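The values are calculated or read from the model by the stated rules, or taken from the named source; none is laboratory data. Computed from a prediction, not measured in an experiment: that's the story for all the values here. So basically every Cβ, Gly included, is an ideal-geometry build from the backbone, and we count neighbours across all protein chains shown.
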Amino acid sequence: MNATTQDSTQDLDEQQYLTFSLGGESYAASISQIKEIIQYGELTEVPRMPDFIRGVINLRGSVVPVIDLSARFGKHATIVGRRNCIIIVEVAVDSGTQNVGVMVDAVNAVLEIPANEIEPAPTFGANIHTEFIAGMGKIDGKFVIILSIQNVLSMDDMTALATVCSD
C-alpha cells in the first residue's frame, strides 16, 4: 500500500456511512460529520453567491447555508421534488466549525462499509473532482462514491459561507 492509499484509508476509519442519491448516482458520507437530516423546505436566496449555494435556512435560530451538491459537482441544479432532503453537516473552518446544509435527491440508509471494501478514489473516469472523493465503497457488488465532505467545499467557499452566516 503506498502512502497516498494509506492516508486516504486512514481517513475512512469511521465505517458507518449515510448513503444518498444524487442525479441517479449513489453517494455516501461518514456519519461522524452529519448532524441531522431535514426535509427540504423554504430557502432564502442570498444575492451574489456562487450558483451552487441555493440559499440559507433558519435552523433553530441559526443561519445555515444550503449547497446544491449537484450544482457543486458542475451538473444541473437539482430539481426540487417530494423526496429531496437537506443533510446538515459540520465542516471545519478557520474559526472552528460551520453547519452547512447539503441538498440531495433522496436519503437512502445508514450502512456499515468495512475498510477492506473501500477502494481509493479513481484517478480518472469520475464525474466529480477526485479531491472530493474519499474512496469507493462496495455495497452489494456496486460502487458508492464516498465523499470527503471537508473537500467538497474549498477554503474560499467556506470563507464566503462564514461571511454569509455572520451577517
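When ALA126 is evaluated against the numbered criteria (1) of a type outside the set (Lys, Arg); (2) over 20 Å from LYS35 (Cα atoms); (3) at pLDDT 85 or above; (4) in contact with a strand residue (DSSP E or B) (Cβ under 7 Å, 6 or more places away or on another chain), which criterion, by number, is the only one it fails? Only one criterion in (1) of a type outside the set (Lys, Arg); (2) over 20 Å from LYS35 (Cα atoms); (3) at pLDDT 85 or above; (4) in contact with a strand residue (DSSP E or B) (Cβ under 7 Å, 6 or more places away or on another chain) is unmet by ALA126, namely (3). Cβ-Cβ distances below 8 Å connect the following pairs, each with a first residue in region 128-148 that is without any contact (Cβ under 8 Å) to a residue 60 or more places away in the chain and within 13 Å of ARG72 (Cα to Cα), a second residue that is in a strand (DSSP E or B) and not aromatic (Phe, Trp, Tyr), and a separation of six or more residues or different chains: ILE128/ILE145; PHE132/LEU147. With respect to (1) surrounded by fewer than 17 Cβ atoms within 10 Å (Cβ to Cβ); (2) under 18 Å from GLY23 (Cβ atoms); (3) in contact with a helix residue (DSSP H, G or I) (Cβ under 8 Å, 6 or more places away or on another chain), the lone exception for LYS142 is condition (3).
The combined condition, being under 12 Å from the mean Cα position of the chain (by Cα), surrounded by 12 or more Cβ atoms within 10 Å (Cβ to Cβ) and at pLDDT below 90, is not fulfilled by GLN98.
Here's the yes/no breakdown for (1) touching a Ser or Thr at 6+ places or on another chain (Cβ under 9 Å); (2) in a helix (DSSP H, G or I); (3) touching a residue at least 60 places away in the same chain (Cβ under 8 Å):
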| residue | (1), (2), (3) |
| --- | --- |
| ILE37 | no, no, yes |
| PRO47 | no, no, no |
| ILE57 | yes, no, no |
| VAL63 | yes, no, yes |
| ALA77 | yes, no, no |
| VAL80 | no, no, no |
| ARG83 | yes, no, no |
| GLN98 | no, no, yes |
| LEU111 | yes, no, yes |
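Yes or no: ALA92 assigned to a loop (DSSP other than H, G, I, E, B) and either modelled with pLDDT under 90 or on the phi > 0 side of the Ramachandran plot (or both)? So ALA92 fails the test. Restricting attention to region 10-50, the residues that are surrounded by 14 or more Cβ atoms within 10 Å (Cβ to Cβ), at pLDDT below 85 and more than 18 Å from the chain's Cα centre (by Cα) add up to 1. You will find that of ASN116, ASN108, the residue that is exposed (fewer than 12 other Cβ atoms within 10 Å of the Cβ), closer than 19 Å to ALA28 by Cα and either in contact with a helix residue (DSSP H, G or I) (Cβ under 9 Å, 6 or more places away or on another chain) or among the polar types (S, T, N, Q) (or both) is ASN116 and no other.
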